[in-house]
Amino acid sequence: MEKVKTWSRRVAAALAVLWSGAAAPSLHAAEIVVGQVAPLSGVLASTGAQMVLGGKIYFDWVNTQGGVHGASIRQAVADDAYKVADTVRLTREMLAKPEVVALYGFAGTANITQLLSDGVLEQGGAALVAPYTGGESLRNPFNPWIFHVRAGYADEAEHMVQQLTTLGMNRVAVMYQDDGFGKAGLAGVEVALAKRNLKLVVSAGYERNTDKVDDAVKAIKAADVHAVIMIAVNKPAAAFIQRYREQGGGAQLYNISVVDPTELVKLAGLKNAHGLGISQVVPYPYRLQLPVVREYQSLLKKYAPDAEVNYTSFEQFLGAKVLVEALRRAGPQPTRAKVVKALESLQSYDLGGITLGYSPTNRIGSRYVEVTVIGSNGRLMK
């Protein structure tokens, strides 16, 4: 566990230093620049490090194979610390550079929603591939710029509610981040319950970029519910788990897919985190059943031997594969518009046992969801 903790901290610090200026003008003509804004500091720092790593190991491998049409891929990364204003500013700066042909792997429903509201993606004309969010506001109404690799939060909520109500747990609470991300998940749970003629017993929010969850713990514990679905990121989720359990809360706990189970166990303690259900939007990356999982694990070992298998880095690895295929289809001199058209042509694309599809009228590549559980050893089980 200490090895993982040290690695995450070291990687986050290194990425912030090495790539803070990575969007500088290209020194080589045979280069394709992909822009990524990620939370390498703040409450999502460990997640941001995994997001960047998942793409990096695939881009590095592609470059050793000769790149794309002879051009190497450069992953230009900037740290937004999960702050909306910084996401907007850094994205504008990236899109002002003509060599950036696509965007990849951003985090945060509120962050990306602001990019849409401010017209940043439309003005830049660049595709954003594999954002680390399932917010419904990014999917509906349709917008042409975002190509989702993951299912939406509404899909995750439906799956969790189906599972817990099948088990007879119909008194449900939601603990959510009070922003676009949390409200999207909350709405998804309410819709899923309404389909079953049920209503939420209680919902309790916490302030974004904090772990101030004491009021939520108090309200939910007092409601005596069967299950709590958390729409939360690592630190506040861990704080809720720890305080709720230590105060005697006995409900079954679930969290939406954006958390790192290793970080939750580290912060909340295994005794408290054991049994937590986490919805997942990509297949189980710990078992070598699918060709793409074997490829991911092999490249992780080759390019990041100290890193452990992780859902977040695997998801972003899949996103990198999608983007690279689009770059190939865009031809020897890709432009932003050509990359968008190429992504639309991936109508049934096999990544190696996982099939995604887009079209001129569809930007949701997958609706895959399953639920995993933190086991007694701190690792995820299916």
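Shape verdict for the chain, please, from the Cα gyration tensor: rounded (a/c under 1.5), prolate (a/b greater than b/c) or oblate. Cα axes put the chain in the prolate bin. Taking Cα centre as origin and charging only the Cβ of basic (Lys, Arg, +1) and acidic (Asp, Glu, -1) residues, the dipole magnitude of segment 70-121 rounds to 60 debye.
How many percent of Cα pairs in segment 127-216 exceed 18 Å?
Tail fraction, whole percent: 50.
Applying 1/(1 + (r/R0)^6) with r as the Cβ-Cβ distance of residue 224 and residue 63 and R0 = 45 angstrom yields a FRET efficiency of 0.20. State the answer as a single residue: which of 124, 148, 381 lies farthest towards the positive end of the charge dipole of the chain, with beta carbon charges of +1 for Lys and Arg and -1 for Asp and Glu, about the Cα centre. It is 381. Computed from label points 7 Å out along Cα-Cβ, the spacing between residue 347 and residue 294 is 3.0 nm. Note on the chain: with neighbouring protein chains present and a 1.4 Å probe, carbon and sulfur make up 51 percent of its accessible heavy-atom surface. Most fluctuating residue of 106, 317, 240 in a GNM of the chain with Cα springs under 10 Å: which is it? So, out of 106, 317, 240, the one fluctuating most is 240. Classification of segment 175-281 by its C-alpha gyration tensor yields a rounded form. The axis ratio a/c (a ≥ b ≥ c) stays under 1.5.
Positive end of the dipole of the chain (Cβ unit charges, origin at the Cα centre): among 340, 94, 303, the Cα lying farthest that way belongs to 303. At q = 0.23, 0.28 Å⁻¹ the log10 of I(q)/I(0) for segment 181-243 amounts to -1.02, -1.32, computed by Debye summation with a single uniform scatterer per C-alpha, solvent ignored.
These residues, 363, 208, go from largest to smallest accessible area, 1.4 Å probe, as 208, 363. Summing Cβ point charges (Lys, Arg +1; Asp, Glu -1) relative to the Cα centre of segment 258-342 gives a dipole of roughly 420 debye.
Phi-derived couplings, Karplus 6.51 cos²θ - 1.76 cosθ + 1.60 at θ = phi - 60°, listed residue by residue for segment 200-208: 5, 6, 7, 10, 9, x, 9, 6, 3 Hz, with x used for Gly and Pro. Spin-label model, residue 171 to residue 191: label points 7 Å out along the Cα-to-beta-carbon direction sit 2.8 nm apart. Accessible surface computed residue by residue for segment 242-337, with neighbouring protein chains in place and a 1.4 Å probe, gives 38 Å² per residue.
Around the Cα centre of the chain, unit charges on the Cβ atoms of Lys, Arg, Asp and Glu (plus for the first two, minus for the last two) sum to a dipole of about 500 debye.
Considering only 228, 209, 193, the residue lying farthest towards the positive end of the dipole of segment 192-234 is 193, judged by Cα position with unit charges set on Cβ.
Evaluated over the Cα positions of segment 66-198, the convex hull gives a direction-averaged projected area, one quarter of its surface, of 10.2 nm². The figure for residue 270 is an accessible area of roughly 60 square angstrom, using a 1.4 Å probe on the protein chains alone. Per residue, segment 26-170 exposes 32 Å² of accessible surface when a 1.4 Å probe is rolled over the protein heavy atoms with every protein chain present.
Computing FRET efficiency as 1/(1 + (r/R0)^6) for residue 31 and residue 381, where r is the C-beta to C-beta distance and R0 is 35 Å, gives about 0.25.
Heavy-atom accessible surface of residue 196, to the nearest 10 Å², is about 70 Å², with a 1.4 Å probe and all protein chains retained.
The values are calculated or read from the model by the stated rules, or taken from the named source; none is laboratory data. Only a predicted model underlies this, so the values are computations on that prediction, with no experimental measurement involved. Note that each Cβ is placed from the backbone with ideal geometry, even for glycine, and that neighbours are counted across all protein chains shown. Just the protein is used for accessible areas: all its heavy atoms, side chains included, with ligands, DNA and RNA removed. Shrake-Rupley method; radii C 1.70, N 1.55, O 1.52, S 1.80 Å.
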